[in-house]
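Engineer: Okay, handing you the structure first.
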Amino acid sequence: MPHAALANPANFAIVSGRDARRIARHAPAADAARFLHPAQQALLHRRGWLTMLAPRSAGGAELPLPQVVRLEEAVAAIDGSMGWVLTLCAGAGWFAGFLEPELAKTIIGTPRACLGGSGAATGYADEAGDGYRITGSWDYASGAPMATHFTLNAGLRRDGQPLLDAHGKPCIRAFLVPAALVQLVPSWNSLGMRASASHSYRIDGQWLAKEHGFTIHPDAATAGGPLYRYPFYSLAYVTLAANVAGMAAHFMRLAEACMRHRRHARAGLPLLEVPEVVTFLEDKQQAFAAARSHFYAVLDNSWATVAGGAALEEQDMQSVQSSSLALVAACRAAVDGLYPYCGLYAAREDTAINRVWRDFHTASQHSLLLP
(Lines give C-alpha, C1' and ligand atoms only; values in the text may rest on other atoms or scores of the structure.)
Protein backbone atom coordinates (compact mmCIF):
# COMPACT_ATOMS: atom_id res chain seq x y z
CA MET A 1 0.00 0.00 0.00
CA PRO A 2 1.25 3.54 -0.72
CA HIS A 3 2.45 5.63 2.18
CA ALA A 4 -0.44 7.61 3.68
CA ALA A 5 1.15 10.90 2.68
CA LEU A 6 1.22 9.79 -0.94
CA ALA A 7 -2.49 9.04 -1.09
CA ASN A 8 -3.34 12.74 -0.96
CA PRO A 9 -2.90 14.46 -4.36
CA ALA A 10 -2.77 17.82 -2.58
CA ASN A 11 0.69 16.90 -1.33
CA PHE A 12 1.95 17.38 -4.87
CA ALA A 13 0.24 20.61 -5.82
CA ILE A 14 2.55 23.58 -6.30
CA VAL A 15 3.85 24.43 -2.83
CA SER A 16 1.17 25.84 -0.55
CA GLY A 17 1.60 29.22 1.09
CA ARG A 18 1.93 27.60 4.49
CA ASP A 19 4.63 25.21 3.33
CA ALA A 20 6.42 27.98 1.46
CA ARG A 21 6.54 30.13 4.59
CA ARG A 22 7.89 27.22 6.63
CA ILE A 23 10.61 26.48 4.07
CA ALA A 24 11.62 30.14 3.80
CA ARG A 25 11.57 30.78 7.54
CA HIS A 26 14.17 28.11 8.22
CA ALA A 27 16.38 28.66 5.15
CA PRO A 28 18.83 31.09 6.84
CA ALA A 29 19.34 28.76 9.81
CA ALA A 30 19.81 25.80 7.46
CA ASP A 31 22.43 27.72 5.50
CA ALA A 32 24.29 28.59 8.71
CA ALA A 33 24.09 25.01 10.04
CA ARG A 34 25.08 23.60 6.63
CA PHE A 35 22.16 21.21 6.50
CA LEU A 36 18.40 21.39 6.12
CA HIS A 37 16.56 22.51 9.21
CA PRO A 38 14.65 19.69 10.99
CA ALA A 39 11.39 21.41 10.06
CA GLN A 40 12.38 21.32 6.39
CA GLN A 41 13.36 17.67 6.63
CA ALA A 42 10.08 16.84 8.33
CA LEU A 43 8.15 18.58 5.57
CA LEU A 44 9.91 16.56 2.87
CA HIS A 45 8.92 13.35 4.62
CA ARG A 46 5.42 14.45 5.60
CA ARG A 47 4.54 15.44 2.04
CA GLY A 48 6.07 12.25 0.61
CA TRP A 49 8.13 14.30 -1.83
CA LEU A 50 11.31 12.24 -1.47
CA THR A 51 9.62 9.16 -2.95
CA MET A 52 7.50 10.90 -5.57
CA LEU A 53 9.47 9.28 -8.42
CA ALA A 54 9.44 5.78 -6.90
CA PRO A 55 6.96 3.19 -8.26
CA ARG A 56 3.48 3.00 -6.77
CA SER A 57 4.00 -0.74 -6.43
CA ALA A 58 6.86 0.00 -4.03
CA GLY A 59 4.94 2.61 -2.03
CA GLY A 60 6.02 5.68 -4.01
CA ALA A 61 3.82 8.20 -5.79
CA GLU A 62 5.11 7.63 -9.36
CA LEU A 63 4.08 11.12 -10.40
CA PRO A 64 4.08 12.31 -14.01
CA LEU A 65 7.45 13.90 -14.71
CA PRO A 66 6.12 17.37 -15.67
CA GLN A 67 4.38 17.60 -12.27
CA VAL A 68 7.59 16.58 -10.50
CA VAL A 69 9.68 19.15 -12.35
CA ARG A 70 7.28 21.99 -11.58
CA LEU A 71 7.23 21.07 -7.90
CA GLU A 72 11.04 20.95 -7.77
CA GLU A 73 11.25 24.35 -9.41
CA ALA A 74 8.75 25.77 -6.94
CA VAL A 75 10.70 24.51 -3.93
CA ALA A 76 14.01 25.76 -5.38
CA ALA A 77 12.39 29.17 -5.85
CA ILE A 78 11.94 29.31 -2.07
CA ASP A 79 15.18 27.69 -0.91
CA GLY A 80 17.81 26.44 -3.36
CA SER A 81 19.36 23.91 -1.02
CA MET A 82 16.04 22.32 -0.16
CA GLY A 83 15.04 22.20 -3.82
CA TRP A 84 18.35 20.56 -4.67
CA VAL A 85 18.11 17.92 -1.93
CA LEU A 86 14.54 17.18 -2.97
CA THR A 87 15.54 16.83 -6.61
CA LEU A 88 18.64 14.68 -6.12
CA CYS A 89 17.12 12.42 -3.46
CA ALA A 90 13.79 11.99 -5.25
CA GLY A 91 15.82 11.31 -8.39
CA ALA A 92 17.70 8.53 -6.59
CA GLY A 93 14.31 7.16 -5.53
CA TRP A 94 13.48 6.81 -9.24
CA PHE A 95 16.03 3.99 -9.37
CA ALA A 96 13.61 1.86 -7.37
CA GLY A 97 11.84 1.31 -10.68
CA PHE A 98 14.84 -0.75 -11.82
CA LEU A 99 15.21 -2.93 -8.71
CA GLU A 100 13.56 -6.25 -8.01
CA PRO A 101 10.02 -5.31 -6.86
CA GLU A 102 10.25 -6.83 -3.39
CA LEU A 103 13.57 -5.12 -2.69
CA ALA A 104 12.19 -1.84 -4.01
CA LYS A 105 9.20 -2.17 -1.68
CA THR A 106 11.48 -2.81 1.30
CA ILE A 107 13.68 0.19 0.53
CA ILE A 108 10.90 2.68 -0.20
CA GLY A 109 9.02 1.37 2.83
CA THR A 110 11.95 2.20 5.14
CA PRO A 111 10.85 4.75 7.79
CA ARG A 112 11.81 8.25 6.60
CA ALA A 113 13.22 6.75 3.40
CA CYS A 114 15.68 8.99 1.62
CA LEU A 115 18.01 7.90 -1.16
CA GLY A 116 21.16 9.86 -1.99
CA GLY A 117 24.29 9.11 -3.92
CA SER A 118 26.67 9.82 -6.76
CA GLY A 119 26.84 8.96 -10.43
CA ALA A 120 30.61 8.76 -10.69
CA ALA A 121 32.17 5.30 -11.10
CA THR A 122 34.85 5.86 -8.46
CA GLY A 123 34.75 2.46 -6.79
CA TYR A 124 34.86 -1.25 -7.46
CA ALA A 125 32.51 -4.19 -7.01
CA ASP A 126 34.43 -7.45 -6.63
CA GLU A 127 32.49 -10.64 -7.25
CA ALA A 128 32.08 -12.52 -3.96
CA GLY A 129 29.77 -15.52 -3.92
CA ASP A 130 26.18 -14.47 -4.55
CA GLY A 131 27.04 -10.81 -4.38
CA TYR A 132 29.80 -8.23 -4.43
CA ARG A 133 32.26 -6.56 -2.10
CA ILE A 134 32.04 -2.83 -2.64
CA THR A 135 35.06 -0.60 -2.13
CA GLY A 136 35.58 3.03 -3.07
CA SER A 137 34.74 6.63 -2.36
CA TRP A 138 32.19 8.91 -4.00
CA ASP A 139 31.62 12.66 -3.89
CA TYR A 140 28.68 15.05 -3.86
CA ALA A 141 25.89 13.05 -2.22
CA SER A 142 23.32 15.77 -1.65
CA GLY A 143 21.26 15.22 1.48
CA ALA A 144 23.82 12.70 2.73
CA PRO A 145 23.15 13.13 6.49
CA MET A 146 19.50 12.10 6.08
CA ALA A 147 20.01 9.30 3.53
CA THR A 148 18.82 5.83 4.47
CA HIS A 149 20.38 4.39 1.30
CA PHE A 150 23.07 5.44 -1.15
CA THR A 151 23.30 4.83 -4.89
CA LEU A 152 26.62 4.52 -6.67
CA ASN A 153 28.36 3.25 -9.79
CA ALA A 154 31.25 0.82 -9.54
CA GLY A 155 33.52 -1.06 -11.91
CA LEU A 156 33.00 -4.82 -11.81
CA ARG A 157 36.01 -7.02 -11.01
CA ARG A 158 36.67 -10.74 -10.83
CA ASP A 159 39.74 -11.97 -8.98
CA GLY A 160 40.96 -8.40 -8.81
CA GLN A 161 40.79 -7.87 -12.57
CA PRO A 162 38.33 -5.48 -14.25
CA LEU A 163 35.57 -7.13 -16.27
CA LEU A 164 35.32 -5.76 -19.80
CA ASP A 165 32.33 -5.48 -22.11
CA ALA A 166 32.16 -6.53 -25.76
CA HIS A 167 33.91 -3.29 -26.75
CA GLY A 168 36.79 -3.77 -24.33
CA LYS A 169 35.55 -1.11 -21.92
CA PRO A 170 35.21 -1.65 -18.14
CA CYS A 171 31.83 -2.99 -17.04
CA ILE A 172 30.10 -0.45 -14.79
CA ARG A 173 27.08 -1.35 -12.65
CA ALA A 174 24.82 0.71 -10.46
CA PHE A 175 24.17 -0.35 -6.86
CA LEU A 176 21.90 0.72 -4.04
CA VAL A 177 23.54 0.37 -0.62
CA PRO A 178 22.02 0.65 2.88
CA ALA A 179 23.42 3.59 4.84
CA ALA A 180 24.63 1.19 7.56
CA LEU A 181 27.38 0.04 5.16
CA VAL A 182 28.47 3.59 4.30
CA GLN A 183 30.85 5.95 6.04
CA LEU A 184 30.17 9.66 5.52
CA VAL A 185 33.19 11.85 4.84
CA PRO A 186 32.40 15.52 5.64
CA SER A 187 33.72 17.43 2.65
CA TRP A 188 31.09 19.93 1.53
CA ASN A 189 32.63 23.37 2.00
CA SER A 190 31.12 25.20 -0.94
CA LEU A 191 30.33 28.90 -1.19
CA GLY A 192 26.66 28.17 -1.79
CA MET A 193 24.15 25.35 -1.47
CA ARG A 194 25.54 24.93 2.02
CA ALA A 195 22.43 23.29 3.41
CA SER A 196 22.47 20.62 0.71
CA ALA A 197 25.22 18.90 2.74
CA SER A 198 26.55 17.24 -0.42
CA HIS A 199 29.25 15.30 1.40
CA SER A 200 31.44 12.45 0.20
CA TYR A 201 31.08 8.86 1.36
CA ARG A 202 33.15 5.71 1.28
CA ILE A 203 32.65 1.97 1.53
CA ASP A 204 35.44 -0.38 2.59
CA GLY A 205 34.92 -3.94 1.36
CA GLN A 206 31.29 -4.28 2.44
CA TRP A 207 29.40 -7.27 1.05
CA LEU A 208 26.20 -6.62 -0.88
CA ALA A 209 23.75 -9.12 -2.35
CA LYS A 210 23.58 -9.09 -6.13
CA GLU A 211 19.92 -7.99 -6.03
CA HIS A 212 21.15 -4.55 -4.97
CA GLY A 213 22.74 -4.08 -8.41
CA PHE A 214 20.66 -2.68 -11.26
CA THR A 215 20.80 -1.37 -14.82
CA ILE A 216 19.42 2.07 -15.71
CA HIS A 217 17.76 1.52 -19.05
CA PRO A 218 14.11 1.37 -20.16
CA ASP A 219 14.54 -2.27 -21.18
CA ALA A 220 15.71 -3.12 -17.64
CA ALA A 221 12.86 -1.38 -15.80
CA THR A 222 10.99 -3.58 -13.34
CA ALA A 223 8.15 -1.07 -12.92
CA GLY A 224 5.80 -0.74 -15.84
CA GLY A 225 4.90 2.95 -15.90
CA PRO A 226 6.07 5.52 -18.48
CA LEU A 227 8.24 7.21 -15.85
CA TYR A 228 10.76 4.36 -16.12
CA ARG A 229 10.83 4.50 -19.92
CA TYR A 230 11.84 8.17 -19.87
CA PRO A 231 15.60 8.39 -20.62
CA PHE A 232 17.81 8.93 -17.60
CA TYR A 233 19.85 11.81 -18.98
CA SER A 234 16.75 13.60 -20.23
CA LEU A 235 15.26 13.29 -16.75
CA ALA A 236 18.50 14.62 -15.24
CA TYR A 237 18.59 17.64 -17.56
CA VAL A 238 15.03 18.76 -16.90
CA THR A 239 15.16 18.33 -13.13
CA LEU A 240 18.50 20.14 -12.76
CA ALA A 241 17.50 22.97 -15.10
CA ALA A 242 14.25 23.49 -13.22
CA ASN A 243 16.20 23.93 -9.98
CA VAL A 244 18.43 26.55 -11.55
CA ALA A 245 15.35 28.30 -12.94
CA GLY A 246 13.73 28.37 -9.52
CA MET A 247 16.81 29.95 -7.95
CA ALA A 248 17.09 32.47 -10.79
CA ALA A 249 13.45 33.49 -10.40
CA HIS A 250 14.02 33.95 -6.67
CA PHE A 251 17.06 36.10 -7.35
CA MET A 252 15.19 38.26 -9.86
CA ARG A 253 12.42 38.95 -7.35
CA LEU A 254 14.95 39.98 -4.72
CA ALA A 255 16.97 42.01 -7.24
CA GLU A 256 13.91 43.98 -8.28
CA ALA A 257 13.27 44.82 -4.62
CA CYS A 258 16.88 46.03 -4.28
CA MET A 259 16.56 48.14 -7.40
CA ARG A 260 13.38 49.69 -6.09
CA HIS A 261 15.23 51.11 -3.08
CA ARG A 262 18.66 51.82 -4.58
CA ARG A 263 19.24 55.23 -6.20
CA HIS A 264 21.13 55.91 -9.40
CA ALA A 265 24.34 57.78 -8.50
CA ARG A 266 24.13 60.27 -11.37
CA ALA A 267 20.41 60.58 -12.03
CA GLY A 268 19.52 60.76 -8.35
CA LEU A 269 16.46 58.59 -8.95
CA PRO A 270 15.55 55.11 -7.72
CA LEU A 271 16.90 52.63 -10.26
CA LEU A 272 13.41 51.53 -11.21
CA GLU A 273 12.62 55.07 -12.30
CA VAL A 274 15.54 55.17 -14.75
CA PRO A 275 14.18 54.12 -18.18
CA GLU A 276 17.34 52.36 -19.32
CA VAL A 277 17.46 50.29 -16.13
CA VAL A 278 13.80 49.38 -16.39
CA THR A 279 14.30 48.28 -20.00
CA PHE A 280 17.31 46.17 -19.00
CA LEU A 281 15.35 44.46 -16.21
CA GLU A 282 12.39 43.78 -18.47
CA ASP A 283 14.65 42.34 -21.17
CA LYS A 284 16.16 39.86 -18.71
CA GLN A 285 12.75 38.91 -17.31
CA GLN A 286 11.29 38.40 -20.78
CA ALA A 287 14.25 36.33 -22.00
CA PHE A 288 13.95 34.14 -18.91
CA ALA A 289 10.19 33.75 -19.34
CA ALA A 290 10.56 32.81 -23.02
CA ALA A 291 13.25 30.21 -22.29
CA ARG A 292 11.20 28.80 -19.43
CA SER A 293 8.06 28.57 -21.57
CA HIS A 294 9.96 26.75 -24.32
CA PHE A 295 11.55 24.43 -21.76
CA TYR A 296 8.19 23.33 -20.39
CA ALA A 297 6.69 22.96 -23.87
CA VAL A 298 9.52 20.57 -24.81
CA LEU A 299 9.25 18.71 -21.50
CA ASP A 300 5.48 18.31 -21.77
CA ASN A 301 5.71 17.11 -25.37
CA SER A 302 8.45 14.61 -24.56
CA TRP A 303 6.45 13.26 -21.64
CA ALA A 304 3.33 12.94 -23.81
CA THR A 305 5.36 10.90 -26.28
CA VAL A 306 6.60 8.47 -23.63
CA ALA A 307 3.27 8.31 -21.80
CA GLY A 308 1.66 7.47 -25.14
CA GLY A 309 3.84 4.37 -25.43
CA ALA A 310 6.54 5.59 -27.81
CA ALA A 311 10.25 5.99 -27.14
CA LEU A 312 12.04 9.31 -27.44
CA GLU A 313 14.12 9.51 -30.59
CA GLU A 314 17.63 10.94 -30.53
CA GLN A 315 16.36 14.28 -31.83
CA ASP A 316 13.75 14.39 -29.06
CA MET A 317 16.39 13.81 -26.39
CA GLN A 318 18.55 16.48 -28.02
CA SER A 319 15.63 18.92 -27.83
CA VAL A 320 15.22 18.19 -24.13
CA GLN A 321 18.91 18.81 -23.55
CA SER A 322 19.00 21.95 -25.69
CA SER A 323 15.95 23.54 -24.08
CA SER A 324 17.32 22.74 -20.62
CA LEU A 325 20.69 24.33 -21.38
CA ALA A 326 19.01 27.32 -23.05
CA LEU A 327 16.99 27.88 -19.88
CA VAL A 328 20.14 27.69 -17.76
CA ALA A 329 21.86 30.16 -20.09
CA ALA A 330 18.95 32.61 -19.74
CA CYS A 331 19.15 32.19 -15.98
CA ARG A 332 22.88 32.95 -15.95
CA ALA A 333 22.35 36.03 -18.11
CA ALA A 334 19.62 37.33 -15.81
CA VAL A 335 21.42 36.71 -12.51
CA ASP A 336 24.82 37.94 -13.69
CA GLY A 337 23.28 40.90 -15.49
CA LEU A 338 21.18 42.12 -12.57
CA TYR A 339 23.65 41.53 -9.75
CA PRO A 340 25.62 44.80 -10.26
CA TYR A 341 22.39 46.79 -9.83
CA CYS A 342 21.84 45.37 -6.35
CA GLY A 343 24.68 47.22 -4.62
CA LEU A 344 26.80 46.16 -1.69
CA TYR A 345 23.69 44.90 0.08
CA ALA A 346 23.78 41.88 -2.26
CA ALA A 347 27.38 41.20 -1.24
CA ARG A 348 26.51 40.86 2.43
CA GLU A 349 26.63 37.23 3.47
CA ASP A 350 23.74 37.64 5.90
CA THR A 351 21.19 38.72 3.27
CA ALA A 352 18.70 36.52 1.44
CA ILE A 353 19.76 37.80 -1.97
CA ASN A 354 23.38 36.90 -1.26
CA ARG A 355 22.40 33.40 -0.18
CA VAL A 356 20.34 32.92 -3.35
CA TRP A 357 23.20 34.29 -5.48
CA ARG A 358 25.62 31.85 -3.83
CA ASP A 359 23.22 28.95 -4.24
CA PHE A 360 22.61 29.75 -7.88
CA HIS A 361 26.28 29.95 -8.77
CA THR A 362 27.04 26.70 -6.95
CA ALA A 363 24.15 24.69 -8.40
CA SER A 364 24.78 25.89 -11.95
CA GLN A 365 28.31 24.46 -11.76
CA HIS A 366 26.90 20.94 -12.18
CA SER A 367 28.80 19.19 -14.96
CA LEU A 368 25.66 18.51 -17.02
CA LEU A 369 24.89 22.23 -17.11
CA LEU A 370 28.11 23.37 -18.76
CA PRO A 371 27.45 25.86 -21.59
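Engineer: Hey, any idea what the orientation-averaged projected area of the convex hull of the chain's Cα atoms comes to, in nm²?
Structural biologist: Working: hull surface 76.4 nm².
Answer in nm², one decimal: 19.1.
Engineer: For the Cα atoms of the chain, what angle does the longest principal axis make with the long axis of helix 65-76, in degrees from 0 to 90, nearest 10?
Structural biologist: 50
Engineer: Given Cα positions, please report Rg to Rh for region 1-152, the hydrodynamic radius being the Kirkwood one.
Structural biologist: Working: Rg = 15.9 Å, Rh = 16.0 Å.
We get a ratio of 0.99 for region 1-152.
Engineer: Between 0 and 90 degrees, rounded to the nearest ten: what's the tilt of helix 232-261 against the longest Cα principal axis of the chain?
Structural biologist: Its long axis makes an angle of about 20 degrees.
Engineer: A further question follows. Report, in whole Å, the centroid distance computed from the Cα atoms of region 144-205 and region 61-102.
Structural biologist: A separation of 20 Å, based on Cα centres.
Engineer: Normalise the Cα radius of gyration of region 226-270 by 2.2 N^0.38 Å (N = residues in it) and let me know the number. Please report the intermediate quantities before stating the final value.
Structural biologist: Details: Rg = 18.9 Å, N = 45, 2.2 N^0.38 = 9.3 Å.
The reported ratio for this selection is 2.02.
Engineer: Here's something else I'd like to know. Placing +1 on the Cβ of each Lys and Arg and -1 on the Cβ of each Asp and Glu in region 268-340, which of 339, 327, 280 has its Cα farthest towards the positive end of the resulting dipole?
Structural biologist: 339
Engineer: Now, a different point. Suppose all protein chains stay in the model; what accessible area per residue would a 1.4 Å probe give for the chain, in Å²? It would help to have the intermediate numbers written out before the result.
Structural biologist: On the way: 16310 Å² over 371 residues.
Here the per-residue accessible area is 44 Å².
Engineer: Roughly how tilted is helix 275-307, in degrees to the nearest 10 and between 0 and 90, from the longest Cα axis of the chain?
Structural biologist: With rounding to tens, the tilt is 20 degrees.
Engineer: Which of the peptides 123-135, 163-175, 326-338, 206-218 is most tightly packed, and how do the rest follow, judged by the mean count of other Cβ atoms within 10 Å per residue? All intermediate terms of the calculation are to be shown ahead of the outcome.
Structural biologist: Details: 123-135: 17.5, 163-175: 12.8, 326-338: 20.8, 206-218: 16.0.
Averaged packing, sorted descending, gives the order 326-338, 123-135, 206-218, 163-175.
Engineer: Restricting the calculation to Cα positions, tell me the Rg (one decimal) and the Dmax (whole number) of region 89-189 in Å.
Structural biologist: 14.1, 42
Engineer: Report the convex hull volume per residue for region 294-371, counting only C-alpha atoms, in Å³. Before the final figure, lay out the partial values.
Structural biologist: Working: hull volume 8.1 nm³, N = 78.
So the per-residue Cα hull volume is 104 Å³.
Engineer: What part of the accessible area of region 125-262, given as a whole %, is carbon or sulfur when the probe is 1.4 angstrom?
Structural biologist: Values: 3070 of 5980 Å².
Taking all protein chains in place, region 125-262 shows 51 percent carbon and sulfur surface.
Engineer: Now for a different question. Quick one: compute the contact order of the chain, relative version, from alpha carbon pairs under 8 angstrom and 6+ residues apart, as a percent.
Structural biologist: On the way: 690 pairs, mean separation 62.0, N = 371.
17 percent.
Engineer: Using a 1.4 angstrom probe on heavy atoms only, work out the carbon and sulfur share of the accessible area of region 27-93 in %.
Structural biologist: Numbers: 960 of 1610 Å².
Accessible surface attributable to carbon and sulfur in region 27-93 totals 60 percent.
The values are calculated or read from the model by the stated rules, or taken from the named source; none is laboratory data. The shown structure was predicted, so the numbers you read here are calculated from the model rather than taken from an experiment. Note that we place each Cβ from the backbone using ideal geometry, even for glycine, and neighbour counts take in every protein chain shown. Calculation scope for accessible area: heavy atoms of the full protein, side chains included, ligands and nucleic acids excluded. Shrake-Rupley method; radii C 1.70, N 1.55, O 1.52, S 1.80 Å.
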